[in-house]
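In what follows, a structure is listed as structure tokens, so that the remarks can point back to it.
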Amino acid sequence: MPGRLPTPSDFPPTITLNIVPPPTNHPPTNILVLLHGLGDTHLPFTQLARQLSLPETACLSLRAPYPLPDLFGIPGYHWGDDIQFDSSSGEMDMDTGFKTSIKLVAEDVIRKVLVEKCGYATREIMLFGFGQGALAALGAAAELEEQELGGVVAVGGFLPASTPLPTVGKKKSKTPVLVCKGRSRSLVTDSALARMRDWFEFVEVREWKKVGDGMPANREEMLPVMQFFARRLRSRRGVPEGAVEIG
């Protein structure tokens, strides 16, 4: 039995999100959960979900659980358990613990709603996170451990420091990960990639020809993301050979 389209009433009232159904109202074979960056809201990623227009895929754009304090003067939200500042740069630290956010994504959204209420297999659920949202996405995928997700796209993000290294002899997660990062001044360091490869069996890295880890800004930067979706999204309607993974 295919999963059904989630509704707002399926989720706890503490979770704020927008649901974007598949284009042309096809039954949703897949779910893509989008997690915005530090200091943003779910609204721009709701628009991104509409622009992606992925076949047979419903998108959930989640808002991070914590509002930024009033002193920042911006109506944004963050995924971390705390707010800290980098002593060298003076900027807000992205990696401040993700216990609440990981539970929200892995347990409250994926397990309790998408799997138990709506009938999806974890393999039919993908995550897309930017910046601090990518840390929450990767932490949630690690929390689910041996339950393979459709995949994680992590733009400018890495595995949270609070995620422990897997125990010796433990099998790596089969959830494939696509990491997108800038060529220079990226927060995704070689050591961060090594930690991800300790946890996940398949980690693909695409390095953009730009400074920093911003969102994809053109077709060239978006192409590896769309190719990843094409390989991992499932279809029950039939598609051209090689476009989408079947089964």
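Among the residues of the range 201-225, which ones are touching a helix residue (DSSP H, G or I) at 6+ places or on another chain (Cβ under 8 Å), among the hydrophobic types (A, V, I, L, M, F, W, C) and at pLDDT 95 or above?
Matches in the range 201-225: Val203, Val205.
Quick one: is Val168 within 30 Å of Gln51 (Cα to Cα) and β-branched (Val, Ile, Thr)?
Values: within 30 Å of Gln51 (Cα to Cα): no; β-branched (Val, Ile, Thr): yes.
It is false that Val168 is within 30 Å of Gln51 (Cα to Cα) and β-branched (Val, Ile, Thr).
Going by the structure shown, is Thr16 hydroxyl-bearing (Ser, Thr, Tyr), touching an Asp or Glu at 6+ places or on another chain (Cβ under 6 Å) and surrounded by 15 or more Cβ atoms within 10 Å (Cβ to Cβ)? Walk me through how you get there before you give the answer.
Details: hydroxyl-bearing (Ser, Thr, Tyr): yes; touching an Asp or Glu at 6+ places or on another chain (Cβ under 6 Å): no; surrounded by 15 or more Cβ atoms within 10 Å (Cβ to Cβ): yes.
Here the answer is no, as Thr16 does not meet what is asked.
Please go through the range 190-238 and pick out each residue that is of a type in the set (Phe, Trp, Tyr) and part of a helix (DSSP H, G or I). Reasoning before the result, please.
Filtering the range 190-238 for residues of a type in the set (Phe, Trp, Tyr) gives 199-200, 202, 208, 228-229.
Within the range 190-238, Trp199, Phe228, Phe229 qualify.
Quick one: which strands (runs of 3 or more DSSP E) sit completely within the range 120-189 and have at least 1 residues that are at pLDDT below 95 and at negative phi?
177-184
Could you count how many residues in the range 97-114 are over 20 Å from Leu54 (Cβ atoms) and either assigned to a loop (DSSP other than H, G, I, E, B) or of a type outside the set (Gly, Ala, Ser) (or both)?
Initially, the range 97-114 is screened for residues over 20 Å from Leu54 (Cβ atoms), giving 97-104, 106-108, 111-112.
So of that shortlist, the ones also either assigned to a loop (DSSP other than H, G, I, E, B) or of a type outside the set (Gly, Ala, Ser) (or both) come out as 97-100, 102-104, 107-108, 111-112.
Final tally of qualifying residues: 11.
Enumerate the pairs (first residue in the range 45-68 and without any contact (Cβ under 8 Å) to a residue 40 or more places away in the chain and of a type in the set (D, E, K, R); second residue anywhere and crowded, with 18+ Cβ neighbours inside 10 Å and not in a helix (DSSP H, G or I)) with beta-carbon separation below 7 Å, excluding pairs fewer than 6 apart on the same chain, so at least 6 apart or on different chains.
Sorted first by the residue in the range 45-68, then by its partner, the pairs are Arg50/Val20.
Residues of the range 208-223 being free of Cβ contacts under 8 Å to residues at least 40 places away in the same chain and surrounded by fewer than 14 Cβ atoms within 10 Å (Cβ to Cβ), which ones?
If we filter the range 208-223 for residues that are free of Cβ contacts under 8 Å to residues at least 40 places away in the same chain, which is where we start, we get 208-211, 217-220, 222-223.
Within the range 208-223, Lys209, Val211, Ala217, Asn218, Arg219, Glu220, Leu223 meet the criteria.
In the range 164-175, is there at least one residue being touching a residue at least 24 places away in the same chain (Cβ under 8 Å), crowded, with 24+ Cβ neighbours inside 10 Å and under 21 Å from Thr41 (Cα atoms)?
no
The values are calculated or read from the model by the stated rules, or taken from the named source; none is laboratory data. What you see is a predicted model, and the numbers here were worked out from it, not measured in a lab. Virtual Cβ from ideal backbone geometry, glycine too; neighbours counted across all protein chains shown.
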